[in-house]
Amino acid sequence: MGTKAKKIMIAKNLKKAAADISASKKETRDFLPLEGGPARDILKFEDKEKKATVLYIGRVPHGFYENEMEGFFKQFGSVKRLRIARNKRSTGKSKHFGFIEFESPEVAKVVADCMHNYLMYEHLLQVSLVPQERVHPQIWKGMNRSYKPLDWVQIERRRQDKEKTFEQQQKLVTGILKRDKKRRKRIEAAGIDYECPEIVVGLQSVPKKIKFDFD
């Protein structure tokens, strides 16, 4: 292809690009014509924040639980439901974050604006709106459940008082004797003249089964 042909092709491409740009400008004009003619449809955007009624509350201080939270936020408007995340497996203690839902989205917006970074018991509350499409279906699961902390002292007492098998008892005594032997060596290495008392172990073996022959 010669130089002249290349120049002709470039000119055609430029004309085509200019025509496409002008056409796109005509199609995307954001005003309505007075007397007919093509016009772009005005897009309608819905503000999702105006419909959000659920709030995320983070950095919840110790002692600010369900009853206290409901009583505090009632001053803004009607509270539909709330839930504080808790440790379900062991202690039932607060995880220091939760969710609260208001009846009115306007109230939820006011709370998010007023209570974000609000200082409470040396904690800055982190409050933000949760869009409807991001609200998990199980977010309110167990909100009316009362978590009773486990009595670990009682659990440990039962474990220690549980009757041990012969193998468990033998393992326990073996560990005691092994630690006592190490203790004696450390005392001797330190040059201390001390006679350690002997550990008397009343370990009995399991009696074997006796077969009787009546013939």
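The table that follows gives values for the structure above.
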item: Neighbours by Cβ (under 8 Å, 6+ apart or cross-chain): first from segment 159-185, assigned by TED's automatic domain parsing to the domain that holds P197 and closer than 23 Å to P197 by Cβ; second assigned to a loop (DSSP other than H, G, I, E, B) and of a type in the set (K, R); result: L172/K164
item: Condition broken by D113, with the remaining ones in (1) under 23 Å from the mean Cα position of the chain (by Cα); (2) at pLDDT 90 or above; (3) loosely packed, with under 14 Cβ neighbours inside 10 Å satisfied; result: (1)
item: Filtered residue count, segment 151-171, keeping only those that are within 30 Å of Y65 (Cβ to Cβ) and surrounded by 11 or more Cβ atoms within 10 Å (Cβ to Cβ); result: 1
item: Identity of the residue in segment 136-150, exposed (fewer than 10 other Cβ atoms within 10 Å of the Cβ) and modelled with pLDDT under 80, that ends up nearest to A52 (Cα to Cα); result: N144
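The values are calculated or read from the model by the stated rules, or taken from the named source; none is laboratory data. All values derive from a computational prediction rather than experimental measurement. FYI the Cβ positions are ideal-geometry reconstructions off the backbone, even for glycines, and counts take in every protein chain you see.
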